[in-house]
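Trainee: Below is the structure I would like to discuss, written out as structure tokens.
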Amino acid sequence: MRISRWQVLTAILVVIIASSASYLLVFSNESKALASDDRGPNGTYLLTRTLRDDGFDVKRILTTPALLLDIVDPSEVLYISLGRGRPLTPTETQDLRKFHTRGGKALIAEDGGAASTFAGSFDIDYLEGQLYDERFMGSPDLVMADVNWRSFSGTMVMNRPSGMASSGGDVIARSGPSSWIDRNGNGLRDPENISSGEFPGSKILAISTDPDFRERGGGCVIFMSDPSLFTNEMIEQGDNREFLRFIASYLLPGGGMVLIDDSTHRTSGINSILQGALRGPVILTTDLNFKIVVGTLSTVILVAAVYLYDPPSKNRHTTYLNRSGLAQLIDIHLDAKSMTLLRKVILDRVRLDSSIAVEAFSSLSWDRLREMIGDDEIFEFVRGRDPDDPNEFIRRVARWSEE
């Protein structure tokens with residue numbers, strides 16, 4: 001079976017479009033939970049209002065954290081990301097590193113591996129599984145931890161947190177010595193299964209990457225193992241609200257801008273429309289993987305266009321009968337094939353002008369055809385006699401076609 005050019009092109013496009021679609025699906029799997037405009041129990045509207053009440057200029061990122069690179073002076077900017085729901089892309093991780101290197105501040109709160117690539121840059125590992133501790137508030141899911149860090153002293157209440165491990169940084173809060181990570185999610189500690197890693201021990205709940213950032217004037221990131229401690233429902237528990245205020249004032253002692261990342265949270269109202277309309281173009285122009293996909297697709301389309309392009313052949317019907325100016329008709333050197341085609345063109349012209357069907361036209365007598373052509377020399381040419389002077393004959397046909 002012979003495969004056509006179009007079948008090859010179609011197969012290539014299907015593969016590329018399918019790859020693009022599967023990559024885009026990653027960005028569409030989002031929920032309204034943790035959105036900064038959500039006033040429900042799982043939203044973070046109170047976080048936004050608290051920071052605004054404290055004098056910070058709070059704004060939102062609706063598309064991608066890659067926009068942080070557009071900030072001229074990030075030293076007075078705090079980026080907050082709570083429960084992304086999907087891992088950072090390689091491009092986003094790289095952009096956050098640049099933001100930190102340029103002096104930007106960040107608060108990253110996750111209970112999974114969404115920020116693992118970025119945290120790994122500071123030798124911080126997020127542990128997989130829910131953390132349980134002997135100290136909790138009403139439910140084992142609500143873990144309590146004392147925070148005595150810098151000038152802050154209080155109690156942090158976390159909802160189903162994970163834990164972290166690190167050999168460096170400035171630890172802000174730890175779980176108790178009897179805490180453990182439920183690796184297999186059965187809600188039970190399995191001491192007999194050593195390989196599961198569910199042995200008891202203190203785990204990091206919050207950590208700062210750069211304890212001396214104020215002295216050296218660089219960036220700083222605070223990683224936390226629970227994104228929900230600042231939700232509308234949890235911010236009133238323990239000293240969570242005061243802890244949020246302390247973190248913001250510690251990272252931005254002179255005030256500044258707070259950017260809340262809602263790029264993976266479904267917003268509402270006009271922001272939802274803007275988010276849906278702008279996310280695709282912004283990601284396409286900032287994300288490296290999307291640039292590769294779009295570049296590849298553009299290249300394939302360009303190559304396919306060259307491969308499939310068939311230059312239009314000269315339209316011989318109009319070449320002979322619709323030319324204007326005698327200079328175009330001189331020295332054209334008509335060959336036998338051209339003469340045969342010209343006879344066909346003349347006959348087609350006569351038939352169309354007379355509005356006669358092909359079958360009826362084929363049955364006409366020679367006398368009737370001579371009458372319809374109205375030029376004896378052209379009639380003889382149609383019957384098979386070649387002209388003595390082709391150039392002069394072409395001029396004759398041109399004049400006849402214009403009558």
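Every number in this text was worked out from the coordinates using simple rules, so none of it is lab data. Computed from a predicted structure; not experimentally measured. Cβ atoms come from the backbone with ideal geometry, glycine included; neighbour counts cover every protein chain shown.
Trainee: Starting from the Cα of residue 359, step 7 Å along the direction of its Cβ; do the same at residue 53; then give the gap between the two resulting points in nm.
Mentor: Spacing of the two 7 Å Cα→Cβ label points: 9.1 nm.
Trainee: Figure the gain on full extension for residue 392 and residue 215 (residue separation times 0.36 nm, minus the Cα-Cα span) and round it to one decimal in nm. Don't skip to the answer; put the middle values down first.
Mentor: Working: separation 177, 0.36 × 177 = 63.72 nm, distance 9.61 nm.
Fully extending the segment from residue 392 to residue 215 adds 54.1 nm.
Trainee: Would you mind ranking 344, 203, 105, 337 by Cβ crowding within 10 Å, fewest neighbours first?
Mentor: 337, 344, 203, 105
Trainee: Could I ask something else about it? Using just the alpha carbons, could you tell me how many Å³ per residue the convex hull of region 31-268 encloses?
Mentor: Enclosed volume per residue, from the Cα hull, is 119 Å³.
Trainee: What FRET efficiency do you get for residue 385 and residue 348 if R0 is 30 Å and r is their Cβ-Cβ distance, rounded to the nearest 0.05?
Mentor: On the way: r = 19 Å, r/R0 = 0.65.
Given R0 = 30 Å and the Cβ-Cβ separation, E is 0.95.
Trainee: Please work out how much length the chain gains when fully extended from residue 86 to residue 400, using 0.36 nm per residue of separation minus the C-alpha to C-alpha distance, in nm with one decimal.
Mentor: On the way: separation 314, 0.36 × 314 = 113.04 nm, distance 7.57 nm.
Full extension from residue 86 to residue 400 adds 105.5 nm.
Trainee: Here's another thing I want to ask about it. For the pair residue 341 and residue 257, how long in nm is the line joining their label points, each one 7 Å along Cα→Cβ?
Mentor: Distance between label points: 6.6 nm.
Trainee: Once Lys and Arg get +1 and Asp and Glu get -1 on their Cβ, which of 116, 67, 205 lies farthest toward the positive end of the dipole of region 31-268?
Mentor: My answer, from the dipole projection, is 67.
Trainee: A follow-up question, please. At 0.36 nm per residue, minus the direct Cα-Cα distance, what do residue 188 and residue 67 gain on full extension? Give it in nm, one decimal, please. Spell out each step's value before the answer.
Mentor: Numbers: separation 121, 0.36 × 121 = 43.56 nm, distance 4.28 nm.
Gain in length upon complete extension: 39.3 nm.
Trainee: From largest to smallest, what semi-axes in whole angstrom does region 68-194 give when each is the square root of 5 times an eigenvalue of its alpha carbon gyration tensor?
Mentor: Value: 29, 18, 13 Å, ordered largest first.
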